[in-house]
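All remarks here apply to the structure that follows.
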Amino acid sequence: MWVWVASLIARMAADGEVPPMGSPTYNALITTSKGNAMGAIRKAKNCLNIQMPFPYAHMLATLVHINNYVLATICGIQMGSAIGQVHHVFVFGACPLLGPDQERIPDAYTAA
């Protein structure tokens, strides 16, 4: 990580975007970026070392389970409704959602 930051700053110095490598400003820029990078790495390591509180993890797991149960129930109701409508069309020849004014679907055997 640090090699990438240093090579980026060296490329910027070669392109003239920051002062050249021999100047005190370049040294201060390297020192400052090194300190910032080390601080960010330290902060990231601290975030990995701190364990998530158990009640929070338990609450998240409970919410996920409740969500799964609700979705399974809704999907089951919708699937049962769709199967019932298809069954109604095959038995009675009409879709119950279109109302009583629709014509009966002709049978394939009698429509000759």
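The values are calculated or read from the model by the stated rules, or taken from the named source; none is laboratory data. Because the structure is predicted, anything quoted here is derived from the model rather than measured. Note that each Cβ is placed from the backbone with ideal geometry, even for glycine, and that neighbours are counted across all protein chains shown.
Taking the stated definitions as given, is Met52 of a type in the set (A, V, I, L, M, F, W, C) and surrounded by 10 or more Cβ atoms within 10 Å (Cβ to Cβ)?
For Met52, the condition - of a type in the set (A, V, I, L, M, F, W, C) and surrounded by 10 or more Cβ atoms within 10 Å (Cβ to Cβ) - is not met.
If you check Ala94 against the conditions, is it at pLDDT below 80, surrounded by 10 or more Cβ atoms within 10 Å (Cβ to Cβ) and not β-branched (Val, Ile, Thr)?
On the way: at pLDDT below 80: yes; surrounded by 10 or more Cβ atoms within 10 Å (Cβ to Cβ): yes; not β-branched (Val, Ile, Thr): yes.
The answer is yes for Ala94.
Would you please name the residue that is modelled with the lowest pLDDT, looking only at residues in the stretch 36-63 that are closer than 16 Å to Trp4 by Cβ and of a type in the set (Gly, Ala, Ser)? Spell out how you get there, then give the answer.
Within the stretch 36-63, the subset closer than 16 Å to Trp4 by Cβ is 36-38, 40-41, 44.
Checking which are of a type in the set (Gly, Ala, Ser) leaves us with 37, 40, 44.
Working: Ala37: 82, Ala40: 87, Ala44: 88.
Filtering the stretch 36-63 for residues that are closer than 16 Å to Trp4 by Cβ and of a type in the set (Gly, Ala, Ser), the one modelled with the lowest pLDDT comes out as Ala37.
Would you point out which residue out of Lys45, Lys34 is surrounded by 12 or more Cβ atoms within 10 Å (Cβ to Cβ) and charged (D, E, K, R)? Step through it out loud before you land on a result.
Numbers: Lys45 fails: surrounded by 12 or more Cβ atoms within 10 Å (Cβ to Cβ).
On inspection, the qualifying residue turns out to be Lys34.
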